[in-house]
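Working notes, beginning with the structure itself.
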Amino acid sequence: MLKHIEQILNIAPIDWPGDADLTIGRILVVVLTVVGGYYLSRLSGYLLGRRLGETKLGADAVHTVKRVVFFAILVLVIVTALSLLGIPLTAFAFATGAIAIGIGFGAQNIINNFISGWILMAERPIRIHDFIEIEGTNGTVEEIGVRSTRIRRVDGVHLLVPNSLLLEHMVVNWTLIDNNIRTTVRVGVAYGSPVRKVADLIRQAVDENSEAMKSPKPIVVFEDFGDNALVFDTYFWCQVAGERELRSIRSEIRFRVAELFAANDIVVAFPQRDVHFDANRPLEVRVLAGDGEEAGE
């Protein structure tokens, strides 16, 4: 039985140039080497990522190391498969050049995004878990792939952004250096309100919020005499990882401002118009019935 299997494996179905015969057994070894090497590279990257995840390295650095290990092992597997087939790498010198030229013209965008992905992982202007803004869209970076970057928008929708777009367009990275972000809350109160008291109450609302940073110190500014209100702006800093948290903090401060104003009889202004009548010119008033005609006496 074993002898019969050995005879089958030694069959050379193809006349292969060179010293090594391309037998069925050699073909199976090459196929197993490629498949096994591919899964070995995936497994190695996964295990290495888990091990590095226990260290102080950031998620983006771990992701970069995993990518490098994956492609390094994959290249070694391909070189090994070629050597098993008896094909020297020099045989691909001319063919590789011709293929590279053809691919360069036909797949410019793919190659551009591929190289851009490695630049992003090397320079790290955008990292995993960063909150960024690009072309009016805000979201958190979840993965930097070979061709595109996956971003989870604030409403939960996932976006696949080409890597080249992140390098060629202006990107606002809210968390590149730290999570400190300055924001503002605007409040308008009715004319006649005690402005010093209003400023103190707004400052109290900000100071009582645990999410607002104490340093730099919050500032309350009497911004303007508006058309319908006395306008106050308060500026303060927070440590947040995205716009949703920032909006939640501003909302809590507004709730507290409303409570303090109500307790101190301060009215939040609303749009209004004053109409003045000339007392020297009598105004004629008519009462209309429901059908639009004048009502009888």
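Note on region 46-73: among residues that are over 25 Å from the mean Cα position of the chain (by Cα) and surrounded by fewer than 16 Cβ atoms within 10 Å (Cβ to Cβ), the one that is farthest from V34 (Cα to Cα) is R51. State which residue is farthest from G139 (Cα to Cα) when the search covers only region 255-288 and only residues that are surrounded by 15 or more Cβ atoms within 10 Å (Cβ to Cβ) and either charged (D, E, K, R) or out of contact with any helix residue (DSSP H, G or I) (no Cβ under 9 Å at 6 or more places or on another chain) (or both). Here the residue is A269. Here S148 fulfils each of the conditions (1) loosely packed, with under 15 Cβ neighbours inside 10 Å; (2) more than 30 Å from D233 (Cβ to Cβ); (3) at pLDDT below 90 apart from (1).
Applying the set (1) assigned to a helix (DSSP H, G or I); (2) farther than 20 Å from R247 by Cα to Y191 leaves exactly one unmet item: (1).
Of everything in region 58-108 that's outside any helix (DSSP H, G or I) and within 24 Å of S148 (Cβ to Cβ), which residue is modelled with the lowest pLDDT?
Filtering region 58-108 for residues that are outside any helix (DSSP H, G or I) and within 24 Å of S148 (Cβ to Cβ), the one modelled with the lowest pLDDT comes out as A107.
Checking the structure you have, find out if any residue of region 24-36 is surrounded by 13 or more Cβ atoms within 10 Å (Cβ to Cβ) and either among the acidic types (D, E) or modelled with pLDDT of 80 or more (or both). Scanning region 24-36, I find at least one residue that is surrounded by 13 or more Cβ atoms within 10 Å (Cβ to Cβ) and either among the acidic types (D, E) or modelled with pLDDT of 80 or more (or both), so the answer is yes.
Could you check region 169-220 and list, in sequence order, the residues that are among the acidic types (D, E) and closer than 19 Å to F255 by Cα?
The initial filter retains those residues of region 169-220 that are among the acidic types (D, E), namely 178, 200, 207-208, 211.
Selection gives D200, D207, E208, E211.
Here are some residues: V172, V189, V157. Which one is surrounded by 12 or more Cβ atoms within 10 Å (Cβ to Cβ) and among the hydrophobic types (A, V, I, L, M, F, W, C)? Let's see the steps before the verdict.
Numbers: V172 fails: surrounded by 12 or more Cβ atoms within 10 Å (Cβ to Cβ); V157 fails: surrounded by 12 or more Cβ atoms within 10 Å (Cβ to Cβ).
Answer to the check: V189.
Just one of the listed residues (E243, E252, E293) is of a type in the set (D, E) and at pLDDT 90 or above, namely E252. As a summary of the residue check, V231 satisfies the conditions (1) outside any strand (DSSP E or B); (2) in contact with an Asp or Glu (Cβ under 6 Å, 6 or more places away or on another chain); (3) of a type outside the set (S, T, Y); (4) more than 30 Å from I132 (Cα to Cα) except for the one numbered (1).
Within region 224-240, none of the residues are among the hydroxyl-bearing types (S, T, Y) and modelled with pLDDT under 90.
Looking at S248, S193, S215, S210 in this structure, which one is under 23 Å from F270 (Cβ atoms) and either among the polar types (S, T, N, Q) or assigned by TED's automatic domain parsing to the domain that holds V141 (or both)? Let's see the steps before the verdict.
Values: S248 fails: under 23 Å from F270 (Cβ atoms); S215 fails: under 23 Å from F270 (Cβ atoms); S210 fails: under 23 Å from F270 (Cβ atoms).
Result of the check over S248, S193, S215, S210: S193.
The values are calculated or read from the model by the stated rules, or taken from the named source; none is laboratory data. Keep in mind that what you see is a predicted model, and the values were worked out from it rather than measured. Here Cβ is always computed from backbone atoms with ideal geometry, including for glycine, and neighbour counts include all displayed protein chains.
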